[in-house]
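To keep things clear, I will list the structure first and then write my remarks on it.
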Amino acid sequence: MSTYHAPLTDIRFALHDVLQFDRLFADLGFEDANRETVDAVLDECARLCETVLAPLNRVGDEEGVHFDKATGDVTTPDGFKSAYRQFAEGGWSGMSAPAEFGGMNMPHAIGICLEEMIDAANLAWSNFPLLSHGAVNALRHHGEDWQKEVFLKPLIAGRWTGTMCLTEPHCGTDLGLLKTRAEPAEDGTYAITGTKIFITAGEHDLTDNIIHLVLARLPDAPAGSKGISLFIVPKVKVDRDGNVGARNALRCGAVEHKMGIHGSATCVMNFDGAQGYLIGQPHKGLMAMFTMMNTARLGVGVQGLGLATRAYENALRYARERLQSRALSGPKYPGKPADPIIVQPDVRRMLLTCKALTEGGRLLAYHAGSLVDSAELAGDAAARKQADDLLGFLTPIVKGCLTEWGNECTYHALQCFGGHGYIAEHGMEQLARDARITTLYEGTTGIQALDLMGRKTLQLQGAGLRVFLGMIEQFCAQHADNADLAEFIGPLREKADQWQQLTRTIAGRAAVDPEEIGAAAYDYLFYSGYVALAYWWARSVAVADASERPELFKAGKRETARFYFTRILPRTLTHAAAIESGPAPLLSIADEALDS
């Protein structure tokens with residue numbers, strides 16, 4: 001069975017040493033988010049994850065959720081409800097929420113750290129409270145005062161959970177095709193009718209009420225995505241004074257039988273004239289929904305990080321324990337019948353790949369989380385805009401790259417176990433199965449790539465990219481004379497220059513042929529991700545060198561950075577070559593020839 005121990009040493013290195021969050025939090029007005037408090041929160045969350053959530057991970061996978069076709073009720077696996085009660089009673093559901101609605105008013109960046117541990121401990125369980133955070137954000141920014149008062153407090157307290165209802169059987173990413181209807185009633189409510197699929201935590205037994213945020217069309221809605229509105233549709237009716245009434249006209253029609261995350265309820269939800277309330281302006285639902293979705297995309301990226309971290313922890317332990325064959329240069333442990341497999345170069349390649357991608361990815365994700373706070377609370381408008389530009393640019397990179405790297409790392413970890421990784425006993429095959437969904441929900445990797453290339457870079461004229469390139473240039477200039485960092489500074493500066501040039505090349509070609517955007521997007525996403533991690537690894541070495549951390553820790557950071565720069569960063573060469581090849585290799589072959 002796989003185990004989980006929160007990597008608190010590296011989490012604290014990322015938070016306190018590299019990102020210096022205590023200084024940032026003080027500047028943003030988070031008076032209670034000092035180092036002592038943050039460390040106490042991390043310790044307590046680690047305890048919850050290690051002792052309560054992690055032991056239920058295999059239980060959820062083997063038992064799954066139970067669906068009653070007659071009633072539409074969903075029962076969660078054994079132990080999930082008790083774990084959720086402890087989670088809610090501990091105030092974890094409102095950790096980053098405003099104090100005025102019952103939250104603890106901690107920075108969103110700290111919420112990201114907690115999410116990583118929770119996801120690593122039990123991904124399926126973590127999906128039940130996941131979208132409540134997004135629902136809270138959507139209501140905070142777009143809801144009417146009475147809606148905030150009625151719905152935010154129970155969501156933040158964890159008494160209710162939230163969902164995001166977008167996808168329909170005939171439309172996934174292309175929401176302009178959705179058919180769910182919203183008919184206005186005389187009392188100011190709306191009757192919502194339609195079917196939504198793939199609804200995470202759409203039905204369950206953890207809370208008394210579930211607040212669905214549903215995209216639907218008003219009778220006078222224009223065609224396409226410009227005619228979509230967003231509605232609050234509770235499982236149990238709630239009036240404007242917060243009084244809970246009868247069961248609403250909606251129910252779960254089925255639960256999906258999935259490759260992984262068996263303990264998470266992925267539901268088909270049928271709305272049959274269900275009572276709902278408009279949130280935000282008519283026909284402006286996508287704007288409100290994207291407030292929720294962007295938070296969820298960062299959260300899903302962190303899911304990839306969490307799974308990769310757990311997989312690496314278990315693979316490292318196994319590689320140290322498993323005795324098999326000898327090192328090619330001669331026995332390393334002559335007193336044992338064989339050497340542990342950790343002496344083998346290929347095993348070390350896989351382990352170091354996991355270490356490099358998770359520790360670098362942690363900084364990428366935590367930095368993005370801090371930008372959520374800065375975009376809202378920075379002291380002046382220019383600083384808020386800069387943070388928002390960079391956050392928008394990094395969100396598809398966090399979601400797309402960290403989930404794909406999560407799949408890569410769970411694959412490597414399973415491979416370290418050999419045949420033992422393929423059987424259920426060690427829990428590695430569950431991590432690999434669970435990781436697969438992260439590249440799919442909240443927008444596939446291809447969707448993230450198109451968002452990064454098309455909107456966040458070309459449409460917005462590279463606003464966020466310029467901010468990140470500025471960070472790299474400032475760092476390189478600061479350490480230009482540091483001989484100990486020369487092996488990292490030169491390649492980093494070179495890749496940053498190439499990143500800028502590739503962006504210009506794509507923009508110029510796209511002005512002539514729009515297909516260039518789609519052809520380049522995937523490779524541009526990963527080129528961006530690998531250069532971003534190069535920056536964080538170079539910065540990690542600089543910070544570790546200047547710190548009072550143990551010499552072994554400092555050496556670990558430097559050698560992992562060296563591995564990253566020599567073994568992983570060269571992947572950018574392949575992505576650059578693919579971008580340079582243009583759309584012809586993808587589009588020149590006729591559709592009919594694909595099966596010949």
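The values are calculated or read from the model by the stated rules, or taken from the named source; none is laboratory data. Computed from a predicted structure; not experimentally measured. Cβ coordinates were reconstructed from backbone atoms using ideal geometry, including for glycine residues, and neighbour counts include every protein chain displayed.
The requirement of being buried (at least 17 other Cβ atoms within 10 Å of the Cβ) and more than 21 Å from Cys267 (Cα to Cα) is not satisfied by Val59.
The residues of the range 10-20 that are part of a helix (DSSP H, G or I) and either without any contact (Cβ under 8 Å) to a residue 40 or more places away in the chain or under 26 Å from Gln430 (Cα atoms) (or both), listed by number, are Asp10, Ile11, Arg12, His16.
So is Thr439 of a type in the set (Val, Ile, Thr), more than 23 Å from Leu130 (Cα to Cα) and crowded, with 20+ Cβ neighbours inside 10 Å or not? Spelling it out, it is not the case that Thr439 is of a type in the set (Val, Ile, Thr), more than 23 Å from Leu130 (Cα to Cα) and crowded, with 20+ Cβ neighbours inside 10 Å.
Exactly one residue out of Arg349, Arg320 is in contact (Cβ under 8 Å) with a residue 24 or more places away in the chain, in contact with a helix residue (DSSP H, G or I) (Cβ under 8 Å, 6 or more places away or on another chain) and either closer than 30 Å to Met117 by Cβ or crowded, with 17+ Cβ neighbours inside 10 Å (or both): that is Arg349. Selection over the range 511-529 of residues that are surrounded by fewer than 20 Cβ atoms within 10 Å (Cβ to Cβ) and not acidic (Asp, Glu) gives a count of 4. Only a single item in (1) out of contact with any Gly (no Cβ under 7 Å at 6 or more places or on another chain); (2) closer than 30 Å to Ser264 by Cβ; (3) loosely packed, with under 15 Cβ neighbours inside 10 Å is not met by Asp10, and it is number (3).
Counting the residues of the range 532-546 that are within 24 Å of the chain's Cα centre (by Cα) and of a type in the set (Val, Ile, Thr) gives 0.
Filtered by the rule that a residue be assigned to a helix (DSSP H, G or I), within 19 Å of Leu525 (Cα to Cα), under 15 Å from the mean Cα position of the chain (by Cα) and not β-branched (Val, Ile, Thr), the range 399-441 gives Lys399, Gly400, Cys401, Leu402, Glu404, Trp405, Gly406, Asn407, Arg436.
Among the residues in the range 128-139, are any under 27 Å from Asp27 (Cβ atoms) and of a type in the set (Ser, Thr, Tyr)? The answer is no, given that none of the residues of the range 128-139 is under 27 Å from Asp27 (Cβ atoms) and of a type in the set (Ser, Thr, Tyr).
Select, from Glu548, Glu473, Glu487, the only residue that is of a type in the set (D, E, K, R), out of contact with any helix residue (DSSP H, G or I) (no Cβ under 6 Å at 6 or more places or on another chain) and without any contact (Cβ under 8 Å) to a residue 12 or more places away in the chain.
Sole residue among the options that is of a type in the set (D, E, K, R), out of contact with any helix residue (DSSP H, G or I) (no Cβ under 6 Å at 6 or more places or on another chain) and without any contact (Cβ under 8 Å) to a residue 12 or more places away in the chain: Glu548.
Please state which one of Ala97, Ala135 is closer than 28 Å to Pro7 by Cα and not charged (D, E, K, R). Selected residue: Ala97, the only one of Ala97, Ala135 that is closer than 28 Å to Pro7 by Cα and not charged (D, E, K, R).
Of all residues in the range 130-162, those that are part of a helix (DSSP H, G or I), modelled with pLDDT of 95 or more and either under 21 Å from the mean Cα position of the chain (by Cα) or under 20 Å from Met287 (Cα atoms) (or both) total 7. Residues in the range 547-593 that are assigned to a helix (DSSP H, G or I), more than 27 Å from the chain's Cα centre (by Cα), within 30 Å of Ala507 (Cβ to Cβ) and among the hydrophobic types (A, V, I, L, M, F, W, C): Ala577, Ala584, Leu586, Leu587. In the range 365-381, the residues that are without any contact (Cβ under 8 Å) to a residue 40 or more places away in the chain reach residues that are surrounded by fewer than 17 Cβ atoms within 10 Å (Cβ to Cβ) with C-beta atoms within less than 6 angstrom, at least six apart or across chains, in these pairs: Ala375/Arg384.
Within the range 21-40, can you find the residues that are free of Cβ contacts under 8 Å to residues at least 60 places away in the same chain and part of a helix (DSSP H, G or I)? Within the range 21-40, Asp22, Arg23, Ala26, Arg35, Glu36, Thr37, Asp39, Ala40 meet the criteria. Among the conditions (1) in a helix (DSSP H, G or I); (2) out of contact with any helix residue (DSSP H, G or I) (no Cβ under 8 Å at 6 or more places or on another chain); (3) hydroxyl-bearing (Ser, Thr, Tyr), the only one that Ser370 does not satisfy is (2). There is at least one residue in the range 500-510 that is surrounded by fewer than 20 Cβ atoms within 10 Å (Cβ to Cβ), more than 22 Å from Ile397 (Cβ to Cβ) and not basic (Lys, Arg). Is at least one residue of the range 352-365 surrounded by fewer than 23 Cβ atoms within 10 Å (Cβ to Cβ), more than 19 Å from Gln303 (Cα to Cα) and not polar (S, T, N, Q)? Among the residues of the range 352-365, at least one is surrounded by fewer than 23 Cβ atoms within 10 Å (Cβ to Cβ), more than 19 Å from Gln303 (Cα to Cα) and not polar (S, T, N, Q), which makes the answer yes. Just one residue in the set Ala510, Ala480 is in a loop (DSSP other than H, G, I, E, B), over 20 Å from Leu363 (Cα atoms) and modelled with pLDDT of 95 or more; that residue is Ala480.
Tell me whether the range 59-79 contains one or more residues that are in a loop (DSSP other than H, G, I, E, B), more than 22 Å from Ala201 (Cα to Cα) and in contact (Cβ under 8 Å) with a residue 24 or more places away in the chain. Write out each step before concluding.
First, the residues of the range 59-79 that are in a loop (DSSP other than H, G, I, E, B): 64-65, 69-72, 76-79.
Restricting the remaining residues to those that are more than 22 Å from Ala201 (Cα to Cα) gives none.
For the range 59-79, residues in a loop (DSSP other than H, G, I, E, B), more than 22 Å from Ala201 (Cα to Cα) and in contact (Cβ under 8 Å) with a residue 24 or more places away in the chain: absent.
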